[in-house]
Amino acid sequence: MKLRKISFETKMILFALGLLFAVVILSSIKFFSFLALIYVFFMPGFFIVKTFDLVEEADRIEEIVLSLVLSFGLIPVLMYASNIFGIKVTRTWVIAVSSMIITYCYLRKKIKNEKIFPYNQ
């Protein structure tokens with residue numbers, strides 16, 4: 001039986017889901033709080049960079065820095081906006097918003113690559 005090769009995007013979404021599970025279940029341990037910081041302040045920006053091809057010819061360091069900057073800019077703005085609309089900001093809310101951003105970017109990239117819809121050229 002031959003196993004098929006897993007794509008990079010699939011590996012990243014599995015990593016994100018595994019990290020989400022670890023953060024939610026084991027958030028009382030300090031090491032997992034560090035993983036939560038990585039999940040919240042790196043992963044959304046990384047998926048945005050990869051989904052929208054913001055950098056064409058860049059080193060890994062440039063992608064990492066851009067991912068951090070996007071996440072550090074996006075998450076606080078979303079927190080501020082939700083606070084204005086009266087949504088209570090908690091740790092679970094922040095992780096859920098990060099997960100929604102990651103899932104949206106993953107699905108957008110997947111739909112764009114598979115050309116499911118004819119108007120996605």
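Read the figures in this text as sums done on the coordinates, not as results from a lab. This is a predicted model, so every value here is computed, not measured. Ideal geometry is used to build each Cβ from the backbone, glycine not excepted, and the neighbour counts take in all protein chains shown.
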Partner aspartates and glutamates for Lys110 [C-alpha distance under 14 Å; skip if fewer than 8 residues away on the same chain]: Glu9, Asp53
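Of Phe47, Phe41, how do they rank once you tally other Cβ atoms within 10 Å and put the fewest first? Write out the running numbers ahead of the final one.
Values: Phe47 26, Phe41 20.
Least to most surrounded, the residues fall as Phe41, Phe47.
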Order of Ser71, Ser82, Ser98 - criterion: other Cβ atoms within 10 Å of each residue's Cβ, fewest first: Ser82, Ser71, Ser98
The range 8-112: mean projected area of Cα convex hull, nm²: 7.1 nm²
Neighbourhood charge, 13 Å Cβ-Cβ cut-off, centred on Gly45 and excluding it, Lys, Arg +1 and Asp, Glu -1: -1
